[in-house]
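Colleague: Got a structure for you, questions after.
Every read-out reported here was derived from the displayed coordinates using simple, explicitly stated rules and does not represent laboratory data. Computed from a prediction, not measured in an experiment: that's the story for all the values here. Note that each Cβ is placed from the backbone with ideal geometry, even for glycine, and that neighbours are counted across all protein chains shown.
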Amino acid sequence: MASIFLIGPMGSGKSTVGRALANKLSYPFFDSDREIEERCGVDIPTIFDYEGEIGFRDREARMIEELTARSNIVLATGGGAILRSENRTNLSARGHVVLLSVEIKEQLRRVGCDNRRPLLHTEDPEARLRALMEERAPIYKALADVEISTDSRRMHHVVTRILRHLQNHSMIYVDHKSS
C-alpha cells in the first residue's frame, strides 16, 4: 500500500480527515504545516511575518520532500503546497493523491474568522478564497487521483468514501469478516 496524500483548499478538512484515515489504516499521520511549526518553534503566521510567503513555501517544499519520502503514511498538505512543481512531482510520484474539495461558502464558514490563516488577513476573506480557488482548482484537479467533497458531510462519511476508493483501486484490502 502506498502513502496517501491529502490536498485541497484550506478548510476542506485535510487534517481532520487525515487523522481519522490514518487511524483506520494504522498509518502514521503527518500534517506538513504542523511539522513546519514544530521544526521552527513558531506558528505559520509568524513565519509569514518574518519570511513572507516565499520563505514559507521554501520551508514547505523541504518538508514535503522529506515526508513524501516515507512509506505508508497519511499526509495532510497545506492548501498552497501544490503551487510548487517539485511538490506536485513528489506527491504524484510517491503516493496516492486525494483532493478534498469544499464550496466557498462552507470554506468561509470553517476558516473565515481563523486568525491563523495569513492568506485571509484581508478585508474580504471571501473574495480572497475565490481568487485562491480560481488559481489553484485546475492544479488540484490535475494532480488528484480522486476528488471527494467534504461539503455538509460528516468526517466518517468522507473517510469511508476514501477507503472505498482505495479498495476499488486495489490500494488496500479490507477484511469484511473482521469489520
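Colleague: What is the Cα coordinate range of the range 3-168 on the first, second and third principal axes, sorted by size from largest, in whole angstrom?
Modeller: 44, 33, 26
Colleague: Taking the Cβ of each residue in SER26, SER85, SER15 as the centre, tally the other Cβ atoms inside 10 Å and list the residues starting with the fewest.
Modeller: SER26, SER85, SER15
Colleague: Between LEU21, LEU83, LEU91, which gets the highest mean-square fluctuation from a Gaussian network model of the chain, Cα cutoff 10 Å?
Modeller: Comparing LEU21, LEU83, LEU91 in a Gaussian network model of the chain, the most mobile one is LEU83.
Colleague: Given springs between every Cα pair under 10 Å in a Gaussian network model of the chain, which of TYR140, TYR50, TYR27 has the largest fluctuation?
Modeller: Its mean-square fluctuation being the largest, the pick is TYR50.
Colleague: What number, rounded to the nearest 500 deg cm²/dmol, is the helix-based mean residue ellipticity at 222 nm of the chain, given -39500 (n - 2.57) per DSSP H run of at least four residues and division by all its residues?
Modeller: -17500 deg cm²/dmol
Colleague: Spin-label point model (7 Å from Cα, Cβ direction): what's the GLU126 to LEU83 distance in nm?
Modeller: If labels sit at GLU126 and LEU83, their model points lie 2.4 nm apart.
Colleague: In what order do MET10, MET133, MET155 fall by count of nearby beta-carbon atoms within 10 Å, going from fewest to most?
Modeller: Ordered from fewest to most neighbouring Cβ atoms within 10 Å, MET10, MET133, MET155 come out as MET155, MET133, MET10.
Colleague: Cα-based count: Lys pairs in the chain below 24 Å, eight or more positions apart or different chains?
Modeller: Count of close lysine pairs: 5.
Colleague: So, one more: Going by C-beta contacts inside 10 Å, put SER12, SER170, SER149 in order with the fewest on the left.
Modeller: Fewest-to-most ranking of SER12, SER170, SER149: SER170, SER149, SER12.
Colleague: Also, quick follow-up: Evaluate the relative contact order of the range 3-168 (contact order divided by residue number), counting alpha-carbon pairs under 8 angstrom at least 6 apart; express in whole percent.
Modeller: After rounding, I find 33 percent.
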